[in-house]
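Engineer: For reference, the structure I am asking about is given below.
Every number here is computed from the coordinates shown, using simple stated rules; none is lab data. None of these values were measured; they are calculated from a predicted model. Using ideal geometry, Cβ is built from the backbone for each residue, glycine included, and neighbour counts are taken over all protein chains shown.
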Amino acid sequence: MADTVTATPAQQIPPKRPYWTERRRSQLTAYTFISPFFLLFAIFGLYPILFTIYLSFFKWDALGPMKYVGFKNYELITGDPTFWISFSNTLIMALMGTVPQLILALFVAVMLNSAMNRFKNTFRIFYFMPNITSIVAVTLVFSTMFGNNGMVNWILNSFGLDSVPFNSGWWGVKIAISTMVMWRWMGYNAIIFLSGLQSIPTDIYEAARIDGATRGQQLIYITLPLLRPFILFVTLVSTIGALQLFTEPYVFLGQSGTGSTRQEGVTMVTYLYNEAFKNGFFGTAAATAVLLLFATILFSLLNMMLSSRMGGDTGGGKA
Amino acid sequence: MSTVALRRKKPDEPGMIAKFFFYLALIIGAIVSIFPFYWMFVVATNDKDAAFQMPPLLAPGLEFFDNFSRVLERTEFFRALINSVVVSSAVTVSVVFLCTLAGYAFAKYEFPLKKVLFVFVIGTMLVPAQLSVLPQYVIMAKLHWIDSYKALIVPAMVNAFGIFWMRQYISSAVHSELIEAGRIDGGGHFRIFWNIAIPVVTPAMATLGILNFMNVWNDFFWPLVVLKNKENYTIQIALQQLFTNKDGLDFGMIMSATFTATLPLLIVFLLFSRWVIAGLTSGAIKS
């Protein structure tokens, strides 16, 4: 916090200058104003992350003494098939819930932004509504639809398809959960894309049209490149969110009290939660958290690399 | 965001058929978005097995109070509702105040390391919160805050998004000359903040307040970890508990509770939708 006196232009040389100059005082005020955030983050954000890493090398039940075990926790969880199932489940559901969702969101955004659309605000509100519902509520509502005799199976049957066991099948559970994720976030992401689309100046399209570009060409050569920063942001946030999937599977599979490590839907965070708060193994839970952190960083980087390759060299967006 | 939609467009005016399919697609999407809300209401107002009728039942019934009375038998629903109101309000008041204060400092003060600190604040938004849940739990246990509202309120009292959002707004809405003038008149730093800045930025504060209230209201993971006692459950935990009951799933009952818990937010959203949407999407504009 020590602020070096930044070279003040040599003006008057007062005989005795008080330490608390106007500038110092206002700097101190600013630090005071921002301090609550840094204080709380230090206690409830930074320290916990560091402590999680530390904890991952210890055996601990949150009550008794901690015992250093080296990499044992990591060996334990990587030797546990349930962990790998949770890992692959998380990735599969991240793909199933995110990829179609973002493509759909992009389409919806382009349509909402179209000059043809006379009811932009109304549609915007409708598409956004799912996002205000709590995940618990979303999961409960969709549980009624995805029941064995529920509406979705009725629709499938009426198209001559077989019923899918949505709350017990390997794929059924994943489809149900991905649908919940998609429903809650598609509109939200569409609205973000929409605000990106609205930031593209219309005269670019004007010029393209004069040059004879078709609608499709305009989409590929103007809209998508200029939307790149938004796509990057949305993909990044969705990926991070998808890796932390917890509430949907926890609530959806928690019905009838069977616990939530059921293999069809166990995710990394569910695994972590169970290790710590059901089994009392804080060490292995911490190791899971650390691996989750690595996965998060890895996929974020992968994301950025992929989208920078796709988008060509010039990022069209402003900071 | 406030640009008026370009309405007039003579040259390649799309034909009727294109228009029809365009609106058809938009309307189907809108129906998919709002149908679950309606379905919630339908199941909540019909008897126990309405969710599994075989062509699905699509008309609301009259059983709502019957269903809801079964909710009251099983959980302290209103207690949970009040808990949620208390926690969400406390967090929101604190978040709005502290984020405005910090946003104001980042927008209107010059101090060493300002840029770095601000980038740091933004960066914390990308750290998955669930990573720190174990030590947070331990801290709460040490402080004897398990099962207390303090565990829900204190860590959430200020957040990075709020600071970012308020800084953006204050930068453009509060004129530095006003602050200078206040300084010359001898106003203290906090006085100026309170009397000059706050009145100008109340719209942004309101938006932040609504968003934050919704977030805290909907939070599930952290309350699930720190709340043990039934009386302290927030509404989301109470809802989940209804679903866990073993003796057959009574969806009429569950949906009547879900509907009641969702309705307040739905009303707030519909009243302030413009602000809410502007606030929620602003995070993306930045990056």
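Engineer: With the checklist (1) within 9 Å of chain A (Cβ to nearest Cβ); (2) within 22 Å of the chain's Cα centre (by Cα); (3) within 17 Å of A:Thr29 (Cα to Cα) in hand, flag the one item B:Phe97 doesn't pass.
Structural biologist: Unmet condition: (1).
Engineer: Okay, next question. Is region B:192-205 home to any residue that is crowded, with 16+ Cβ neighbours inside 10 Å, of a type outside the set (A, V, I, L, M, F, W, C), assigned to a helix (DSSP H, G or I) and out of contact with any Lys or Arg (no Cβ under 7 Å at 6 or more places or on another chain)? So that I can check it myself, show each step before the final result.
Structural biologist: Applying the first criterion (crowded, with 16+ Cβ neighbours inside 10 Å) to region B:192-205 yields B:192-193, B:196-198, B:201, B:204-205.
Filter once more, keeping what is of a type outside the set (A, V, I, L, M, F, W, C): none.
No, the conditions are met nowhere in region B:192-205.
Engineer: If you don't mind, another one. Do you know which residues across region A:135-189 are among the charged types (D, E, K, R) and within 16 Å of A:Tyr250 (Cα to Cα)? Working first, answer last.
Structural biologist: Looking only at region A:135-189, we keep the residues that are among the charged types (D, E, K, R), and these are A:162, A:174, A:184.
The one that is among the charged types (D, E, K, R) and within 16 Å of A:Tyr250 (Cα to Cα): A:Lys174.
Engineer: Out of region A:108-126, which residues are at the interface with another protein chain (Cβ under 7 Å from one of its Cβ atoms), of a type outside the set (Val, Ile, Thr) and closer than 15 Å to A:Tyr188 by Cα?
Structural biologist: A:Met111, A:Lys120, A:Phe123, A:Arg124, A:Phe126
Engineer: Would it be correct to say that A:Thr52 is closer than 24 Å to B:Tyr104 by Cα and of a type in the set (S, T, N, Q)? Outline the logic, then answer.
Structural biologist: Values: closer than 24 Å to B:Tyr104 by Cα: no; of a type in the set (S, T, N, Q): yes.
No.
Engineer: Let me ask something else. For region B:106-153, what are the residues that are without any contact (Cβ under 8 Å) to a residue 24 or more places away in the chain, part of a loop (DSSP other than H, G, I, E, B) and more than 10 Å from every other protein chain (Cβ to nearest Cβ)?
Structural biologist: Answer for region B:106-153, where residues must be without any contact (Cβ under 8 Å) to a residue 24 or more places away in the chain, part of a loop (DSSP other than H, G, I, E, B) and more than 10 Å from every other protein chain (Cβ to nearest Cβ): B:Leu143, B:His144.
Engineer: Another question about this same structure. Using the structure shown, decide if B:Arg79 is touching a Gly at 6+ places or on another chain (Cβ under 9 Å) and assigned to a helix (DSSP H, G or I).
Structural biologist: Working: touching a Gly at 6+ places or on another chain (Cβ under 9 Å): no; assigned to a helix (DSSP H, G or I): yes.
No.
Engineer: Still on this structure, please answer the following. Look through B:Tyr23, B:Tyr38 and report the one residue that is without any contact (Cβ under 8 Å) to a residue 24 or more places away in the chain, surrounded by 15 or more Cβ atoms within 10 Å (Cβ to Cβ), assigned to a helix (DSSP H, G or I) and out of contact with any helix residue (DSSP H, G or I) (no Cβ under 7 Å at 6 or more places or on another chain). Explain how you work it out, then say what you get.
Structural biologist: Numbers: B:Tyr38 fails: surrounded by 15 or more Cβ atoms within 10 Å (Cβ to Cβ).
After ruling out the rest, the residue left standing is B:Tyr23.
Engineer: Please go through region A:176-212 and pick out each residue that is of a type in the set (Val, Ile, Thr) and touching a helix residue (DSSP H, G or I) at 6+ places or on another chain (Cβ under 7 Å). Break it down stepwise before answering.
Structural biologist: Within region A:176-212, the subset of a type in the set (Val, Ile, Thr) is A:177, A:179, A:181, A:191-192, A:200, A:202, A:204, A:210.
A:Ile177, A:Thr179, A:Val181, A:Ile191, A:Ile192, A:Ile200, A:Ile204 - these are the residues of region A:176-212 that are of a type in the set (Val, Ile, Thr) and touching a helix residue (DSSP H, G or I) at 6+ places or on another chain (Cβ under 7 Å).
Engineer: Looking only at residues in region A:127-149 that are without any contact (Cβ under 8 Å) to a residue 12 or more places away in the chain and assigned to a helix (DSSP H, G or I), which one is farthest from the other protein chains (Cβ to nearest Cβ)?
Structural biologist: Taking the candidates together, the pick is A:Met145.
Engineer: Filter region B:195-235 for residues that are among the polar types (S, T, N, Q) and in contact with an Asp or Glu (Cβ under 7 Å, 6 or more places away or on another chain) and give the result. Break it down stepwise before answering.
Structural biologist: First pass over region B:195-235, keeping only residues among the polar types (S, T, N, Q): B:195, B:202, B:207, B:212, B:215, B:218, B:229, B:232, B:234.
Correct list: B:Asn229, B:Asn232.
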